[in-house]
Amino acid sequence: MTTVDIIHDELRSEENVARGPITTIQGLVSESDLDMLVLGSLERILVGHLLDQEIRVYAPFTVLFKYDEGHVVAEAPAFNEFGFGDDHRDALHDLQRALAELYRELEEKQDRLGPDLLTTWQSLRRCFSRHS
Amino acid sequence: MIKRDEFDLIVSKLQLRTRSSHHLLAWFEHDGKVIVRTRRSHQRGGDLPMQDCIRQQLKLDESQLRGLIDCKIGRGEYLEILRAKRLI
């Protein structure tokens, strides 16, 4: 199993990495390199971007890939959220959009969440924040 | 696989609140609290992928999800399932 960091291009520079919360880098790749990675048996990655202009990733989160009925499923177990697609890239993008939606939904409803979703919201806040 | 119509049946049966964005978002409320949430894509008809994902988000096992779809479990029974899991 290979673990790599997927960091969006704008965060890739050494300066930004040193300034940010990421302290252990096992391999910096840009999203454009994802196609190369999926040729192997990629099962787990760390993701550092949501492809969202309003919500930034403060701490990278783990994404697991699996196959289900001919689709690729990307799972973020920390948030009980999933994305799917025809390939790893599509599944990851779907997950990233879903996480941004989930952040907005729970942020809006944060004062009236049940225990399970409150835990999910707290996990989201540890990893994501609004761009200032 | 769960079909789109079956997902929509669950939404109706459990009286889930929904909102349309990039996906159709659905959440279950009880006594003013948002307890669980799930979603489906906007595809037209057919099978939805990620049945297990939807099931997990609704906090159901496979037989409970099937029971919901087959009209053997309603909102009342679902509330009891959530209470047993200490989610309410």
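The values are calculated or read from the model by the stated rules, or taken from the named source; none is laboratory data. Values in this document were obtained by computation on a predicted structure and should not be read as measured data. Cβ placement follows ideal geometry from the backbone for every residue including glycine, while neighbour counts extend to all protein chains displayed. The protein model used for the area step is the full one, side chains on, heavy atoms only, and it has no ligands, DNA or RNA in it. Shrake-Rupley method; radii C 1.70, N 1.55, O 1.52, S 1.80 Å.
Scoring B:Glu77 on the criteria (1) within 12 Å of chain A (Cβ to nearest Cβ); (2) over 18 Å from A:Asp68 (Cα atoms); (3) surrounded by fewer than 15 Cβ atoms within 10 Å (Cβ to Cβ) leaves a single failure, condition (1).
In this structure, does A:Arg97 turn out to be at pLDDT below 95, open to solvent by 70 Å² or more (accessible area, probe 1.4 Å) and part of a strand (DSSP E or B)?
Numbers: at pLDDT below 95: yes; open to solvent by 70 Å² or more (accessible area, probe 1.4 Å): yes; part of a strand (DSSP E or B): no.
No.
Across segment B:1-20, the qualifying residues are those that are within 12 Å of chain A (Cβ to nearest Cβ) and over 21 Å from A:Asp111 (Cβ atoms), and the one among them that is surrounded by the most Cβ atoms within 10 Å (Cβ to Cβ) is B:Ile2. Return the residue satisfying two criteria in turn: it lies in segment B:21-52 and is charged (D, E, K, R) and not in a loop (DSSP other than H, G, I, E, B), and of such residues it is farthest from the other protein chains (Cβ to nearest Cβ). The extreme case among them is B:Arg40. Across segment A:74-92, the qualifying residues are those that are acidic (Asp, Glu) and modelled with pLDDT under 95, and the one among them that is least open to solvent (accessible area, probe 1.4 Å) is A:Glu75. Is it the case that B:Leu87 is of a type in the set (A, V, I, L, M) and within 14 Å of another protein chain (Cβ to nearest Cβ)? The answer is yes for B:Leu87.
Residue under question is A:Leu34, and the condition is that it be away from chain B (no Cβ under 14 Å) and either at pLDDT 90 or above or open to solvent by less than 20 Å² (accessible area, probe 1.4 Å) (or both); does it hold?
Values: away from chain B (no Cβ under 14 Å): yes; either at pLDDT 90 or above or open to solvent by less than 20 Å² (accessible area, probe 1.4 Å) (or both): yes.
Here the answer is yes, as A:Leu34 does meet what is asked.
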